[in-house]
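Following: one structure in structure tokens, then a few remarks.
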Amino acid sequence: MRSGIIGSASALAGIVARHPAEVLRGRAIQGKWTPNEIIGHLTDSEWVYGYRLRLILCEDEPAILGIRQDAWVASQRHNEREPSELVEIFRTLRSLNLSVWRRISPEGLQRSGQHNERGAESLAVMLRLLAGHDLSHLQQIGRSIQAIESRG
């Protein structure tokens, strides 16, 4: 599963290289995130997951707080940011986090925290959630770009 999260930064960089910023800032469906906002959300998530990873690794059964992701995306105005900047931030955070993930023993992956919305969550579960989260949002970006370009 660890290898499933390695290619996300390259996938995002490829998307940004193939599509102009105006497409990435386009809104396919009113009230839904733009591709650029999704990239910003992935960047926020990488920061949050990195913090949670370290918290669980270093403390016994810590509390893990959920976030209001829509508020994070809106408050940080991700859609106004350069797509390539967001991808580079994501790439940097992912690289830092992967350096920690790679050093965790199988026993360490069983360490857990208490998520305020989902309950007990081990590092092993968190790693699977992160990989699925990436894949889901990469697919969402693809569908959004397709819808935006078809209106073109």
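Can you compute the helix-only [θ] at 222 nm over the chain? Use -39500 (n - 2.57) per DSSP H run of at least 4 residues, normalise by all residues, nearest 500 deg cm²/dmol.
Working: 6 runs with 94 residues, N = 152.
Calculated at 222 nm, the ellipticity per residue is -20500 deg cm²/dmol.
With angles folded into 0 to 90 degrees, how steeply does helix 8-18 sit against the dominant principal axis of the chain? Use alpha carbons for both and round to 10.
On a 0 to 90 degree scale, this one is about 10.
Which residues' amide hydrogens lie under 5 Å from the amide hydrogen of residue 64, considering only partners 5 or more residues apart or on another chain, with H built in the peptide plane?
114, 115, 116
What is the helix-to-structure angle for 35-58, meaning the angle in degrees between its Cα long axis and the longest Cα principal axis of the chain, kept from 0 to 90 and rounded to the nearest 10?
10 degrees
Could you check the spin-label model distance between residue 74 and residue 54? Points 7 Å from the Cα along Cα→Cβ, value in nm.
Label at residue 74, label at residue 54, 2.9 nm between them.
For segment 84-151, evaluate the Debye formula with one uniform point scatterer on each Cα (no solvent term) and list log10 I(q)/I(0) at q = 0.16 Å⁻¹, rounded to two decimals.
So the normalised log intensities are -0.75.
Any chance you could give the angle, 0 to 90 degrees and rounded to 10, that helix 83-101 forms with the longest Cα principal axis of the chain?
Computed tilt is about 20 degrees.
Quick one: 3J(HN,Hα) in Hz for segment 126-136, Karplus 6.51/-1.76/1.60 with θ = phi - 60°, rounded, Gly and Pro as x.
3J(HN,Hα) across segment 126-136, in whole Hz: 4, 5, 5, 4, 4, 4, x, 4, 4, 4, 4.
May I have the extent of the alpha carbons of the chain along their three principal axes, as whole Å values ordered from largest to smallest?
Principal extents (Cα only, largest first): 52, 27, 21 Å.
Between residue 151 and residue 92, how many nm apart are label points set 7 Å from Cα along the C-beta direction?
3.3 nm
Compute the length gained on full extension between residue 116 and residue 27: take 0.36 nm times their separation in residues and subtract their Cα-Cα distance, giving the result in nm to one decimal. Working shown, then result.
On the way: separation 89, 0.36 × 89 = 32.04 nm, distance 3.16 nm.
This chain segment gains 28.9 nm when fully extended.
Translational diffusion coefficient of segment 1-70 at 37 °C, 0.692 mPa s, Stokes-Einstein with Kirkwood Rh over Cα pairs, in µm²/s as a whole number. Show your work: numbers first, answer last.
Working: Rh = 14.3 Å.
Roughly 229 µm²/s, to the nearest whole number.
Each value in this text was obtained by applying a stated rule to the coordinates, not by laboratory testing. Remember, predicted model here, so these are calculated numbers, not experimental data. Because the Cβ atoms are built from the backbone with ideal geometry, glycine has one as well, and the counts that use them run over all protein chains shown.
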